[in-house]
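In what follows, a single structure is set out as structure tokens and then discussed.
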């Protein structure tokens, strides 16, 4: 693996002069439309970054984009890397730490997810307030670099309570119905069985997906505050007669994206005002 110094050397070659993002954003399946709002974008393909793999999932563009959203400097990870593609944790660590090393203090996670609640259907948004990790392992396993973060990191406030308040305020301002819930991560790429969904409900999960948790752990480890919103693309297995497909994920993701495109810029505006 390339060192972070080598990685940042490449990033800084592309970065606009004096560019320091306030926010990092990661965009999930079908949500890359939000990146179209970024002004004066500078894009770096993931494959140009040392040690990074290219995600191979439809709806994922695999670009690191630096630019401005409503005049606020941001860095956007347009497309994420998934463990189910056979990718190890290393490149995921690299991506999140690029965001931190560029100077971002707040990390916004978006994703597509299945809902375990009948009252929150496809096309709705759910703010994530906590998670249950069913991924194999943890991205912090291995030697710890104290210059990045502590060996043991508390996760009781993984999803920042102050940012949740600002997200609620942004949803109210934009007239968007924002559900809230706990996200459970699975490895994938197969969708869950109805029996697994019943078990996950018993555990207290409200949404299920194949990402988010490693990125949140890594962002918290290196000291970024985290806010997360899921675009609900389907009711989970056994909860409706509709077959769960990746195409359906992209279709309903597009409906939810129209809401995200209003919500995230408003949230950034709210949070930037609160920082001043």
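The values are calculated or read from the model by the stated rules, or taken from the named source; none is laboratory data. Note that the structure is predicted; figures quoted are calculated from it, not measured. Glycine gets a Cβ as well: all are built from the backbone with ideal geometry, and neighbour counts include every protein chain shown.
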(request) Could you tell me whether region 100-117 includes any residue that is out of contact with any strand residue (DSSP E or B) (no Cβ under 8 Å at 6 or more places or on another chain), closer than 24 Å to residue 223 by Cβ and in a helix (DSSP H, G or I)? (result) yes
(message) For region 118-134, give me each residue that is at pLDDT 95 or above and either in contact with a helix residue (DSSP H, G or I) (Cβ under 6 Å, 6 or more places away or on another chain) or in a strand (DSSP E or B) (or both).
(response) 125, 126, 127, 128, 129, 130, 131, 132, 133
(message) Among the residues in region 209-222, are any in contact with a helix residue (DSSP H, G or I) (Cβ under 8 Å, 6 or more places away or on another chain), surrounded by fewer than 22 Cβ atoms within 10 Å (Cβ to Cβ) and either over 12 Å from residue 122 (Cβ atoms) or at pLDDT below 90 (or both)?
(response) yes
(message) Being more than 23 Å from residue 239 (Cβ to Cβ), within 19 Å of the chain's Cα centre (by Cα) and surrounded by 15 or more Cβ atoms within 10 Å (Cβ to Cβ) is true for just one of 158, 179, 169. Which residue is that?
(response) 158
(message) Can you pull out every residue in region 150-205 that is closer than 17 Å to residue 110 by Cα and in a loop (DSSP other than H, G, I, E, B)?
(response) 158, 159, 160, 176, 177, 186
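Filter region 226-262 down to the residues that are within 18 Å of residue 73 (Cα to Cα), surrounded by fewer than 24 Cβ atoms within 10 Å (Cβ to Cβ) and in contact with a helix residue (DSSP H, G or I) (Cβ under 8 Å, 6 or more places away or on another chain) and list them by number.
Kept after step one, since they are within 18 Å of residue 73 (Cα to Cα), are these residues of region 226-262: 226-227, 261-262.
Remaining after also requiring surrounded by fewer than 24 Cβ atoms within 10 Å (Cβ to Cβ): 226, 261-262.
Selection gives 226, 261.
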(message) Can you tell me which residue is modelled with the highest pLDDT among those in region 52-71 that are farther than 21 Å from residue 212 by Cβ and surrounded by fewer than 16 Cβ atoms within 10 Å (Cβ to Cβ)?
(response) 71
